[in-house]
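Student: Dropping a structure here in structure tokens format, bear with me for questions.
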Amino acid sequence: MKLLLVQTTCASKNEAKKIAQVLIEKKLAACIQMSKIESLYMWKNEFCNDKEVLLSIKTKKENFKKIESKIKELHSYDVPEIIGLDISNSSKDYKEFIEKNC
């Protein structure tokens with residue numbers, strides 16, 4: 001089984017919690033961390049500097065498409081960040097935790 005870290009950013013803590021809860025309840029993620037961040041980017045030819053909440057979603061690689069679909073369904077952004085980063089190393093115990101909870 002391959003592990004994956006999926007990241008997305010949300011406009012608010014409430015939106016982030018809603019997405020996180022759904023992903024965990026549907027066994028698509030084993031653990032999700034929420035962090036307050038500041039994002040700088042261009043959108044529709046305008047410079048943006050926003051406070052956001054970053055979700056770091058730990059899961060199995062096979063769950064990516066379902067997670068992507070669920071984030072798009074629940075997210076307020078037109079184009080939410082949804083990226084998957086392969087986890088090449090983890091402790092055996094943590095890998096088992098993810099297997100058990102996804």
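Student: Among the strands (runs of 3 or more DSSP E) lying completely within the chain, list those that include at least 1 residues that are loosely packed, with under 12 Cβ neighbours inside 10 Å and without any contact (Cβ under 8 Å) to a residue 24 or more places away in the chain.
Tutor: Qualifying strands (runs of 3 or more DSSP E): 31-43, 46-60.
Student: Would you say Asn63 is modelled with pLDDT of 95 or more and at positive phi? Steps first, please.
Tutor: Values: modelled with pLDDT of 95 or more: yes; at positive phi: no.
Taking the combined requirement at face value, the residue does not satisfy it.
Student: Picking from Lys2, Lys58, Lys27, Lys70, which residue would you name as being among the charged types (D, E, K, R), under 12 Å from the mean Cα position of the chain (by Cα) and closer than 23 Å to Ser88 by Cα?
Tutor: On the way: Lys2 fails: under 12 Å from the mean Cα position of the chain (by Cα); Lys27 fails: under 12 Å from the mean Cα position of the chain (by Cα); Lys70 fails: closer than 23 Å to Ser88 by Cα.
Step by step, each of Lys2, Lys58, Lys27, Lys70 is checked, and only Lys58 is among the charged types (D, E, K, R), under 12 Å from the mean Cα position of the chain (by Cα) and closer than 23 Å to Ser88 by Cα.
Student: Kindly indicate whether any position in the range 40-57 is within 17 Å of Lys2 (Cα to Cα) and modelled with pLDDT of 95 or more.
Tutor: yes
The values are calculated or read from the model by the stated rules, or taken from the named source; none is laboratory data. Keep in mind that this is a model prediction, so the values were computed, not measured. Because the Cβ atoms are built from the backbone with ideal geometry, glycine has one as well, and the counts that use them run over all protein chains shown.
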